[in-house]
Amino acid sequence: MKKPVKIFLILILFLFLFLIRAFEAELFYDPLIVYFQNDYLYKSIPNIDEWKLVIDMLWRYVINSLISLGIIALIFKKKEYIKFSGFFLMLAFMLLIIVFSFLLKDGFKSGYLFPFYIRRFIIHPIFLFLLLPAFYYQKLKKKT
């Protein structure tokens, strides 16, 4: 694949990530968006359909993960990076959603910061920004 086409595709994939973030309220059920904007300091957690929230978080995570895997595939072109990333993203979601579900059942009684950041890792492609430099470093290290 030619470099300009590859760069264009990577930019399109990043645009998709931005569009998911921009239209998150319309695309996904998440009453915690408004809650964590400012209400968490003054109010208790709102009534939440927990299953719908978890399903929509899964859906959003899958979409972000597939886009992230596409970006990693276009940048590095190594199957082992894609396999590792896919396994890592799957394992991370399973662990994070279990912890988040327990915290949600608890009503965030132990504090709001921990569930806030776990939710961030689930709904945003933060792992992409951790994996890209790690793979780049790995690539540089193999050259020496």
### Query
Out of all the residues in the range 92-104, is one or more within 30 Å of I7 (Cα to Cα) and either out of contact with any Cys (no Cβ under 9 Å at 6 or more places or on another chain) or modelled with pLDDT of 90 or more (or both)?
yes
### Task
Just name the residue that is surrounded by the most Cβ atoms within 10 Å (Cβ to Cβ) out of those in the range 108-144 that are of a type in the set (K, R) and farther than 18 Å from F16 by Cα.
R119
### Message
I need a count of the residues in the range 105-125 that are modelled with pLDDT of 90 or more and not in a helix (DSSP H, G or I).
### Response
2
### Query
Does any residue of the range 81-89 turn out to be surrounded by 14 or more Cβ atoms within 10 Å (Cβ to Cβ) and aliphatic (A, V, I, L, M)?
yes
### Query
Can you tell me which residues in the range 1-45 are charged (D, E, K, R) and surrounded by 10 or more Cβ atoms within 10 Å (Cβ to Cβ)?
K6, R21, E24, D30, D39
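Within 24 Å of K52 (Cβ to Cβ), loosely packed, with under 13 Cβ neighbours inside 10 Å and among the aliphatic types (A, V, I, L, M), is that true of I98?
Details: within 24 Å of K52 (Cβ to Cβ): yes; loosely packed, with under 13 Cβ neighbours inside 10 Å: yes; among the aliphatic types (A, V, I, L, M): yes.
Taking the combined requirement at face value, the residue satisfies it.
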### Query
Can you pull out the helices (runs of 4 or more DSSP H) entirely within the range 1-104 that have at least 1 residues that are more than 28 Å from P115 (Cβ to Cβ)?
3-22, 50-76
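Residue under question is K109, and the condition is that it be charged (D, E, K, R), out of contact with any Phe, Trp or Tyr (no Cβ under 9 Å at 6 or more places or on another chain) and either in contact (Cβ under 8 Å) with a residue 24 or more places away in the chain or under 15 Å from D56 (Cα atoms) (or both); does it hold?
Values: charged (D, E, K, R): yes; out of contact with any Phe, Trp or Tyr (no Cβ under 9 Å at 6 or more places or on another chain): yes; either in contact (Cβ under 8 Å) with a residue 24 or more places away in the chain or under 15 Å from D56 (Cα atoms) (or both): no.
It is false that K109 is charged (D, E, K, R), out of contact with any Phe, Trp or Tyr (no Cβ under 9 Å at 6 or more places or on another chain) and either in contact (Cβ under 8 Å) with a residue 24 or more places away in the chain or under 15 Å from D56 (Cα atoms) (or both).
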### Query
Quick one: how many residues across the range 46-79 are exposed (fewer than 13 other Cβ atoms within 10 Å of the Cβ) and over 23 Å from L11 (Cα atoms)?
5
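The values are calculated or read from the model by the stated rules, or taken from the named source; none is laboratory data. This structure is a prediction, so every number in the text was calculated from the model and none was measured. Every residue, glycine as well, gets a Cβ built from its backbone with ideal geometry; the counts of neighbours run over all protein chains shown.
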